[in-house]
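**Student:** Handing you this structure, nothing more for now.
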Amino acid sequence: MPVMYFAHSYRERDARIVDYFGRLMRSEGLVPSLDPPSDSVNGAKLQRHLNASDGMIAVLSRREDGTSPHILFELGLAVRARFPVLVFIEDTLPNDVVSPHVPQQRFSYRSFLRQAPAHRQALRFLKAYLATTPPGGYVPLGRRRSCLVVRSAPDALVDATASWIEQQADYEVGVLDQRTGAVPWAPFDEIRAASVLVTFASGDRSRGYLSGFAVGAGVPTIELTVDPGVRRDRTVPDEYQPRPVGGPDQLPGVLATEFELFEQDFLELTDQDAVDRYTSFLVDLRGDYDSATREAAMEVVMGDKYEVSGQAGAVGRNARAKNMTFQQLWQGEGARLDLPRLASELEILRLELKRQATTREHDAAVAEVGAAAEAAERGDGPETLSRLQRAGKWALGAATAIGTGVAAAAIKVAIGF
(Lines give C-alpha, C1' and ligand atoms only; values in the text may rest on other atoms or scores of the structure.)
Protein backbone atom coordinates (compact mmCIF):
# COMPACT_ATOMS: atom_id res chain seq x y z
CA MET A 1 0.00 0.00 0.00
CA PRO A 2 1.21 3.55 -0.69
CA VAL A 3 2.93 5.19 2.28
CA MET A 4 1.88 8.82 2.73
CA TYR A 5 3.80 11.53 4.54
CA PHE A 6 1.05 12.78 6.88
CA ALA A 7 1.60 16.46 7.79
CA HIS A 8 -0.78 17.53 10.55
CA SER A 9 -1.23 19.63 13.68
CA TYR A 10 -0.41 18.31 17.16
CA ARG A 11 -2.83 20.70 18.88
CA GLU A 12 -5.61 19.33 21.07
CA ARG A 13 -8.25 21.18 19.05
CA ASP A 14 -7.21 19.32 15.89
CA ALA A 15 -6.91 15.80 17.32
CA ARG A 16 -10.34 14.73 16.06
CA ILE A 17 -9.59 16.07 12.59
CA VAL A 18 -6.32 14.11 12.57
CA ASP A 19 -8.26 11.02 13.66
CA TYR A 20 -10.86 11.55 10.92
CA PHE A 21 -8.37 11.91 8.08
CA GLY A 22 -6.20 9.10 9.44
CA ARG A 23 -9.23 6.81 9.35
CA LEU A 24 -10.14 7.90 5.82
CA MET A 25 -6.61 7.28 4.60
CA ARG A 26 -6.50 3.79 6.11
CA SER A 27 -9.95 2.93 4.72
CA GLU A 28 -8.76 3.92 1.24
CA GLY A 29 -5.65 1.76 1.44
CA LEU A 30 -3.16 4.55 2.23
CA VAL A 31 -0.69 4.18 5.13
CA PRO A 32 -0.16 7.41 7.14
CA SER A 33 3.52 7.92 7.98
CA LEU A 34 4.26 10.66 10.49
CA ASP A 35 6.74 12.20 12.87
CA PRO A 36 5.42 12.09 16.48
CA PRO A 37 5.39 15.33 18.52
CA SER A 38 8.77 16.62 19.68
CA ASP A 39 10.33 19.97 20.48
CA SER A 40 13.30 19.27 18.16
CA VAL A 41 13.37 18.87 14.39
CA ASN A 42 15.40 19.88 11.36
CA GLY A 43 14.79 20.17 7.64
CA ALA A 44 17.08 17.26 6.72
CA LYS A 45 14.96 14.87 8.79
CA LEU A 46 11.75 15.98 7.06
CA GLN A 47 13.36 15.66 3.63
CA ARG A 48 14.48 12.11 4.44
CA HIS A 49 10.93 11.28 5.53
CA LEU A 50 9.53 12.71 2.31
CA ASN A 51 12.02 10.78 0.18
CA ALA A 52 10.93 7.53 1.86
CA SER A 53 7.22 8.16 1.16
CA ASP A 54 5.08 7.76 -1.95
CA GLY A 55 3.25 11.06 -1.52
CA MET A 56 2.15 13.70 0.99
CA ILE A 57 -1.22 14.40 2.57
CA ALA A 58 -1.38 17.59 4.63
CA VAL A 59 -4.15 18.93 6.85
CA LEU A 60 -4.14 22.71 7.28
CA SER A 61 -6.31 23.89 10.17
CA ARG A 62 -6.97 27.38 11.44
CA ARG A 63 -4.93 28.99 14.20
CA GLU A 64 -5.14 32.39 15.84
CA ASP A 65 -2.36 33.68 13.58
CA GLY A 66 -3.37 31.82 10.42
CA THR A 67 -2.09 28.27 10.10
CA SER A 68 0.96 26.18 11.01
CA PRO A 69 4.21 27.50 9.47
CA HIS A 70 5.70 24.05 10.01
CA ILE A 71 3.13 22.38 7.75
CA LEU A 72 3.60 25.13 5.16
CA PHE A 73 7.35 24.38 5.24
CA GLU A 74 6.65 20.67 4.71
CA LEU A 75 4.38 21.53 1.78
CA GLY A 76 7.20 23.63 0.37
CA LEU A 77 9.49 20.59 0.41
CA ALA A 78 6.92 18.57 -1.54
CA VAL A 79 6.10 21.29 -4.06
CA ARG A 80 9.77 22.05 -4.69
CA ALA A 81 10.44 18.38 -5.48
CA ARG A 82 7.24 18.09 -7.59
CA PHE A 83 6.08 15.41 -5.19
CA PRO A 84 2.49 14.01 -5.28
CA VAL A 85 0.57 15.99 -2.67
CA LEU A 86 -3.01 16.54 -1.50
CA VAL A 87 -3.97 19.24 1.00
CA PHE A 88 -7.13 19.35 3.11
CA ILE A 89 -7.76 22.98 4.14
CA GLU A 90 -10.14 24.24 6.81
CA ASP A 91 -12.84 26.34 5.16
CA THR A 92 -12.13 29.43 7.29
CA LEU A 93 -8.60 29.87 5.88
CA PRO A 94 -8.03 32.28 2.95
CA ASN A 95 -8.04 31.08 -0.64
CA ASP A 96 -4.36 31.84 -1.19
CA VAL A 97 -3.02 29.91 1.82
CA VAL A 98 -1.84 27.25 -0.67
CA SER A 99 -1.01 27.64 -4.35
CA PRO A 100 -4.00 26.93 -6.64
CA HIS A 101 -1.71 24.55 -8.56
CA VAL A 102 -1.62 22.18 -5.57
CA PRO A 103 -4.49 19.63 -5.40
CA GLN A 104 -6.68 20.57 -2.44
CA GLN A 105 -10.05 20.02 -0.80
CA ARG A 106 -11.80 22.01 1.91
CA PHE A 107 -13.22 20.71 5.20
CA SER A 108 -15.45 22.27 7.82
CA TYR A 109 -14.59 21.82 11.48
CA ARG A 110 -18.30 21.81 12.29
CA SER A 111 -19.50 19.37 9.65
CA PHE A 112 -16.50 17.45 8.32
CA LEU A 113 -18.28 14.09 8.68
CA ARG A 114 -20.88 15.15 6.12
CA GLN A 115 -18.09 16.00 3.70
CA ALA A 116 -16.60 12.51 3.81
CA PRO A 117 -17.72 11.56 0.25
CA ALA A 118 -15.80 14.50 -1.25
CA HIS A 119 -12.76 13.78 0.90
CA ARG A 120 -12.81 10.11 -0.08
CA GLN A 121 -12.99 11.04 -3.74
CA ALA A 122 -9.95 13.30 -3.39
CA LEU A 123 -8.00 10.47 -1.74
CA ARG A 124 -9.03 8.07 -4.50
CA PHE A 125 -7.83 10.47 -7.18
CA LEU A 126 -4.45 10.70 -5.44
CA LYS A 127 -4.21 6.93 -5.03
CA ALA A 128 -5.10 6.40 -8.69
CA TYR A 129 -2.40 8.88 -9.70
CA LEU A 130 0.17 7.05 -7.57
CA ALA A 131 -0.83 3.74 -9.15
CA THR A 132 -0.27 5.05 -12.69
CA THR A 133 2.88 7.08 -12.02
CA PRO A 134 6.22 5.25 -12.30
CA PRO A 135 8.47 5.46 -9.24
CA GLY A 136 11.48 7.77 -9.14
CA GLY A 137 14.74 7.11 -10.90
CA TYR A 138 16.84 4.07 -10.04
CA VAL A 139 19.07 4.63 -7.02
CA PRO A 140 21.75 1.98 -6.40
CA LEU A 141 21.76 0.76 -2.81
CA GLY A 142 25.10 -1.05 -2.85
CA ARG A 143 27.16 1.88 -1.56
CA ARG A 144 27.88 2.73 2.04
CA ARG A 145 25.87 5.68 3.32
CA SER A 146 27.63 8.92 2.53
CA CYS A 147 27.76 12.57 3.54
CA LEU A 148 29.02 15.51 1.51
CA VAL A 149 30.39 18.59 3.27
CA VAL A 150 30.36 21.72 1.11
CA ARG A 151 33.49 23.83 1.51
CA SER A 152 31.50 26.95 2.37
CA ALA A 153 33.33 27.92 5.59
CA PRO A 154 36.98 28.28 6.69
CA ASP A 155 38.98 25.18 5.80
CA ALA A 156 39.72 24.29 9.43
CA LEU A 157 36.01 24.23 10.29
CA VAL A 158 35.07 22.23 7.19
CA ASP A 159 37.82 19.69 7.85
CA ALA A 160 36.79 19.36 11.51
CA THR A 161 33.19 18.81 10.40
CA ALA A 162 34.17 16.11 7.91
CA SER A 163 36.38 14.39 10.48
CA TRP A 164 33.63 14.29 13.13
CA ILE A 165 31.03 12.92 10.71
CA GLU A 166 33.37 10.18 9.52
CA GLN A 167 34.55 9.12 12.97
CA GLN A 168 31.48 9.71 15.15
CA ALA A 169 28.50 9.41 12.80
CA ASP A 170 30.05 6.62 10.69
CA TYR A 171 29.45 8.01 7.19
CA GLU A 172 31.66 7.89 4.14
CA VAL A 173 32.56 11.57 3.84
CA GLY A 174 33.47 13.71 0.88
CA VAL A 175 34.27 17.42 0.75
CA LEU A 176 32.72 19.28 -2.14
CA ASP A 177 34.57 22.29 -3.49
CA GLN A 178 32.97 24.20 -6.33
CA ARG A 179 36.33 25.76 -7.16
CA THR A 180 37.91 22.49 -8.31
CA GLY A 181 38.40 21.82 -12.01
CA ALA A 182 36.32 18.64 -12.14
CA VAL A 183 34.11 17.76 -15.09
CA PRO A 184 30.96 19.94 -15.11
CA TRP A 185 28.53 17.22 -14.07
CA ALA A 186 30.65 15.80 -11.24
CA PRO A 187 29.34 17.86 -8.27
CA PHE A 188 25.70 17.29 -9.24
CA ASP A 189 26.25 13.55 -9.58
CA GLU A 190 27.93 13.42 -6.17
CA ILE A 191 25.14 15.43 -4.54
CA ARG A 192 22.38 13.23 -5.93
CA ALA A 193 24.17 10.10 -4.69
CA ALA A 194 24.72 11.43 -1.14
CA SER A 195 22.61 10.37 1.84
CA VAL A 196 22.92 13.80 3.44
CA LEU A 197 24.75 17.07 2.81
CA VAL A 198 26.23 19.53 5.33
CA THR A 199 26.78 23.15 4.39
CA PHE A 200 27.56 26.48 6.06
CA ALA A 201 25.54 29.62 5.36
CA SER A 202 27.18 33.02 5.64
CA GLY A 203 26.80 36.69 4.76
CA ASP A 204 23.63 37.91 3.09
CA ARG A 205 23.01 34.60 1.32
CA SER A 206 21.31 31.76 3.15
CA ARG A 207 22.98 29.15 0.90
CA GLY A 208 25.42 28.87 -1.99
CA TYR A 209 24.83 27.46 -5.46
CA LEU A 210 25.67 23.81 -4.73
CA SER A 211 23.72 23.86 -1.48
CA GLY A 212 20.75 25.34 -3.30
CA PHE A 213 20.96 22.61 -5.91
CA ALA A 214 20.98 19.94 -3.18
CA VAL A 215 17.87 21.40 -1.56
CA GLY A 216 16.11 21.68 -4.91
CA ALA A 217 17.04 18.08 -5.76
CA GLY A 218 15.52 16.83 -2.51
CA VAL A 219 18.79 15.79 -0.85
CA PRO A 220 18.51 16.05 2.97
CA THR A 221 20.61 19.06 3.94
CA ILE A 222 21.90 20.13 7.36
CA GLU A 223 22.63 23.85 7.30
CA LEU A 224 24.98 25.38 9.86
CA THR A 225 26.41 28.87 10.26
CA VAL A 226 29.23 30.55 12.15
CA ASP A 227 28.13 33.98 10.96
CA PRO A 228 25.87 35.80 13.48
CA GLY A 229 24.79 38.14 10.69
CA VAL A 230 23.55 35.45 8.32
CA ARG A 231 20.31 36.34 6.60
CA ARG A 232 17.25 34.63 8.07
CA ASP A 233 13.99 33.97 6.27
CA ARG A 234 11.20 35.35 8.45
CA THR A 235 8.62 33.11 6.76
CA VAL A 236 10.41 29.93 7.87
CA PRO A 237 10.26 28.58 11.48
CA ASP A 238 13.51 28.75 13.45
CA GLU A 239 13.85 24.95 13.41
CA TYR A 240 14.58 25.07 9.67
CA GLN A 241 16.98 28.03 9.71
CA PRO A 242 20.77 27.47 9.66
CA ARG A 243 21.91 26.17 13.06
CA PRO A 244 24.37 28.56 14.75
CA VAL A 245 27.79 27.21 15.72
CA GLY A 246 29.45 29.52 18.23
CA GLY A 247 32.94 28.21 17.54
CA PRO A 248 35.01 25.05 16.97
CA ASP A 249 34.42 23.88 20.54
CA GLN A 250 30.64 23.85 19.97
CA LEU A 251 30.82 22.03 16.64
CA PRO A 252 30.75 18.42 17.97
CA GLY A 253 27.65 19.07 20.09
CA VAL A 254 25.77 20.76 17.25
CA LEU A 255 26.65 17.99 14.79
CA ALA A 256 25.64 15.29 17.28
CA THR A 257 22.23 16.92 17.76
CA GLU A 258 21.60 17.45 14.05
CA PHE A 259 22.55 13.91 13.02
CA GLU A 260 20.53 12.40 15.86
CA LEU A 261 17.48 14.29 14.58
CA PHE A 262 18.20 13.38 10.97
CA GLU A 263 18.39 9.66 11.73
CA GLN A 264 15.23 9.45 13.86
CA ASP A 265 12.72 6.93 12.55
CA PHE A 266 9.17 7.75 11.55
CA LEU A 267 5.92 6.20 12.62
CA GLU A 268 3.62 4.43 10.18
CA LEU A 269 -0.01 3.87 11.19
CA THR A 270 -0.42 0.50 9.53
CA ASP A 271 -3.84 -0.36 11.00
CA GLN A 272 -6.87 1.37 12.46
CA ASP A 273 -5.91 0.50 16.04
CA ALA A 274 -2.68 2.45 15.53
CA VAL A 275 -4.67 5.46 14.29
CA ASP A 276 -6.89 5.24 17.39
CA ARG A 277 -3.94 5.01 19.76
CA TYR A 278 -2.17 7.95 18.15
CA THR A 279 -5.28 10.14 18.26
CA SER A 280 -5.90 9.32 21.93
CA PHE A 281 -2.30 10.25 22.62
CA LEU A 282 -2.71 13.64 20.89
CA VAL A 283 -5.89 14.37 22.85
CA ASP A 284 -4.11 13.64 26.12
CA LEU A 285 -1.16 15.89 25.19
CA ARG A 286 -3.41 18.97 25.00
CA GLY A 287 -0.84 20.54 22.67
CA ASP A 288 1.92 20.39 25.31
CA TYR A 289 4.97 18.39 24.24
CA ASP A 290 8.72 18.31 24.89
CA SER A 291 11.83 16.25 24.14
CA ALA A 292 10.41 13.11 25.82
CA THR A 293 7.06 13.18 24.00
CA ARG A 294 8.29 11.60 20.79
CA GLU A 295 9.52 8.42 22.48
CA ALA A 296 6.30 8.17 24.48
CA ALA A 297 4.25 8.42 21.28
CA MET A 298 6.28 5.66 19.64
CA GLU A 299 5.69 3.41 22.66
CA VAL A 300 1.96 4.08 22.72
CA VAL A 301 1.35 3.60 19.00
CA MET A 302 3.64 0.61 18.59
CA GLY A 303 1.88 -1.09 21.49
CA ASP A 304 4.70 -1.20 24.04
CA LYS A 305 2.79 0.94 26.51
CA TYR A 306 -0.82 1.48 27.59
CA GLU A 307 -1.91 -1.56 25.61
CA VAL A 308 -3.12 -5.07 26.38
CA SER A 309 -4.18 -7.71 23.82
CA GLY A 310 -3.87 -5.31 20.90
CA GLN A 311 -6.45 -2.74 21.99
CA ALA A 312 -5.78 0.74 23.33
CA GLY A 313 -7.08 1.74 26.73
CA ALA A 314 -7.60 5.28 27.93
CA VAL A 315 -4.31 7.17 27.64
CA GLY A 316 -3.50 9.95 30.06
CA ARG A 317 -1.94 10.97 33.32
CA ASN A 318 -5.30 10.86 35.11
CA ALA A 319 -6.90 7.94 33.28
CA ARG A 320 -7.81 5.11 35.64
CA ALA A 321 -8.24 2.77 32.67
CA LYS A 322 -4.70 3.43 31.43
CA ASN A 323 -3.60 -0.20 31.46
CA MET A 324 -6.93 -1.74 30.51
CA THR A 325 -8.57 -2.26 27.15
CA PHE A 326 -12.09 -1.12 26.37
CA GLN A 327 -12.92 -4.80 25.99
CA GLN A 328 -11.81 -5.38 29.57
CA LEU A 329 -13.70 -2.31 30.76
CA TRP A 330 -16.86 -3.58 29.13
CA GLN A 331 -16.48 -7.07 30.55
CA GLY A 332 -16.00 -5.54 33.99
CA GLU A 333 -17.92 -2.41 34.93
CA GLY A 334 -19.56 -1.95 31.53
CA ALA A 335 -21.36 -5.29 31.60
CA ARG A 336 -23.85 -3.85 34.11
CA LEU A 337 -25.07 -1.31 31.55
CA ASP A 338 -28.30 -1.91 29.62
CA LEU A 339 -27.25 -1.37 25.98
CA PRO A 340 -30.73 -0.79 24.48
CA ARG A 341 -31.54 1.76 27.17
CA LEU A 342 -28.08 3.28 26.81
CA ALA A 343 -28.60 3.71 23.06
CA SER A 344 -31.89 5.48 23.71
CA GLU A 345 -30.42 7.82 26.33
CA LEU A 346 -27.39 8.59 24.18
CA GLU A 347 -29.68 9.76 21.39
CA ILE A 348 -31.47 12.04 23.88
CA LEU A 349 -28.09 13.28 25.08
CA ARG A 350 -26.91 13.89 21.52
CA LEU A 351 -29.89 16.12 20.79
CA GLU A 352 -29.34 18.07 24.01
CA LEU A 353 -25.63 18.50 23.33
CA LYS A 354 -26.41 19.63 19.80
CA ARG A 355 -28.72 22.29 21.25
CA GLN A 356 -26.05 23.49 23.69
CA ALA A 357 -23.06 23.36 21.33
CA THR A 358 -21.29 26.69 20.83
CA THR A 359 -17.76 25.64 19.87
CA ARG A 360 -16.14 23.28 17.41
CA GLU A 361 -14.95 21.11 20.28
CA HIS A 362 -18.60 20.77 21.32
CA ASP A 363 -19.55 19.73 17.78
CA ALA A 364 -16.88 17.03 17.82
CA ALA A 365 -18.22 15.70 21.14
CA VAL A 366 -21.74 15.61 19.69
CA ALA A 367 -20.44 13.47 16.82
CA GLU A 368 -18.76 11.06 19.24
CA VAL A 369 -21.96 10.65 21.28
CA GLY A 370 -23.85 9.94 18.05
CA ALA A 371 -21.29 7.30 17.09
CA ALA A 372 -21.56 5.81 20.59
CA ALA A 373 -25.35 5.58 20.20
CA GLU A 374 -24.93 3.73 16.91
CA ALA A 375 -22.43 1.33 18.50
CA ALA A 376 -24.81 0.67 21.39
CA GLU A 377 -27.63 -0.07 18.95
CA ARG A 378 -25.36 -2.65 17.26
CA GLY A 379 -24.61 -4.21 20.64
CA ASP A 380 -20.93 -3.21 20.51
CA GLY A 381 -20.18 -2.28 24.12
CA PRO A 382 -16.39 -1.75 23.80
CA GLU A 383 -16.80 0.60 20.82
CA THR A 384 -19.49 2.50 22.74
CA LEU A 385 -17.06 3.10 25.61
CA SER A 386 -14.29 4.08 23.20
CA ARG A 387 -16.50 6.76 21.65
CA LEU A 388 -17.75 8.04 25.00
CA GLN A 389 -14.19 8.36 26.27
CA ARG A 390 -13.57 10.84 23.46
CA ALA A 391 -16.79 12.74 24.18
CA GLY A 392 -15.36 13.70 27.56
CA LYS A 393 -16.47 15.63 30.62
CA TRP A 394 -18.73 18.12 28.83
CA ALA A 395 -20.94 15.23 27.72
CA LEU A 396 -20.86 13.78 31.24
CA GLY A 397 -22.01 17.07 32.75
CA ALA A 398 -24.91 17.34 30.31
CA ALA A 399 -25.93 13.70 30.83
CA THR A 400 -26.07 14.24 34.58
CA ALA A 401 -27.98 17.52 34.26
CA ILE A 402 -30.78 16.13 32.05
CA GLY A 403 -31.21 12.93 34.07
CA THR A 404 -29.93 10.35 31.58
CA GLY A 405 -28.44 8.20 34.32
CA VAL A 406 -27.39 5.21 32.21
CA ALA A 407 -25.58 7.47 29.75
CA ALA A 408 -23.84 9.29 32.61
CA ALA A 409 -22.77 5.98 34.16
CA ALA A 410 -21.38 4.77 30.83
CA ILE A 411 -19.36 7.95 30.32
CA LYS A 412 -17.94 7.64 33.84
CA VAL A 413 -16.78 4.10 33.06
CA ALA A 414 -15.26 5.25 29.77
CA ILE A 415 -13.29 8.21 31.14
CA GLY A 416 -12.25 6.54 34.38
CA PHE A 417 -14.36 8.36 36.97
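**Student:** Restricting to segment 376-390, name every residue that is touching a residue at least 40 places away in the same chain (Cβ under 8 Å) and surrounded by fewer than 24 Cβ atoms within 10 Å (Cβ to Cβ).
**Tutor:** Selection gives Gly379, Gly381, Pro382, Glu383.
**Student:** Separate question: Would a scan of segment 254-261 turn up a residue that is more than 19 Å from Arg294 (Cα to Cα) and in the same structural domain as Ala169 (by TED's automatic domain parsing)?
**Tutor:** Yes, the conditions are met somewhere in segment 254-261.
**Student:** With the requirement that a residue be more than 24 Å from Asp14 (Cα to Cα) and basic (Lys, Arg), what does segment 375-411 give you?
**Tutor:** Arg378
**Student:** Being among the charged types (D, E, K, R) and surrounded by 14 or more Cβ atoms within 10 Å (Cβ to Cβ) is the filter here; which residues of segment 94-119 pass it? Talk me through it step by step, then tell me what you get.
**Tutor:** Narrowing segment 94-119 to residues among the charged types (D, E, K, R): 96, 106, 110, 114.
Answer for segment 94-119, where residues must be among the charged types (D, E, K, R) and surrounded by 14 or more Cβ atoms within 10 Å (Cβ to Cβ): Arg106, Arg110.
**Student:** Quick check on segment 245-274: of everything there that is among the polar types (S, T, N, Q) and in a loop (DSSP other than H, G, I, E, B), which residue is surrounded by the most Cβ atoms within 10 Å (Cβ to Cβ)?
**Tutor:** Gln264
**Student:** Look at segment 233-284 and say how many of its residues are over 19 Å from Asp159 (Cβ atoms) and either within 20 Å of the chain's Cα centre (by Cα) or of a type in the set (S, T, N, Q) (or both).
**Tutor:** Total meeting the criteria: 33.
**Student:** What number of residues within segment 161-178 are crowded, with 17+ Cβ neighbours inside 10 Å and assigned to a helix (DSSP H, G or I)?
**Tutor:** Residues that pass the stated criteria total 5.
**Student:** Another question about this same structure. How many residues, within segment 349-401, are closer than 21 Å to Phe107 by Cβ and not in a helix (DSSP H, G or I)?
**Tutor:** 3
**Student:** Another question about this same structure. What are the residue pairs meeting all of these: first residue in segment 227-246, first residue farther than 20 Å from Val41 by Cα, second residue basic (Lys, Arg) and surrounded by 11 or more Cβ atoms within 10 Å (Cβ to Cβ), Cβ atoms under 8 Å, and 6 or more apart or on different chains?
**Tutor:** Note: pairs meeting the criteria are Arg231/Arg205.
The values are calculated or read from the model by the stated rules, or taken from the named source; none is laboratory data. Since we're looking at a predicted model, the values are computed, not measured. When we count neighbours, we look across all protein chains shown, and the Cβ atoms used for this are built from the backbone with ideal geometry, even at glycine.
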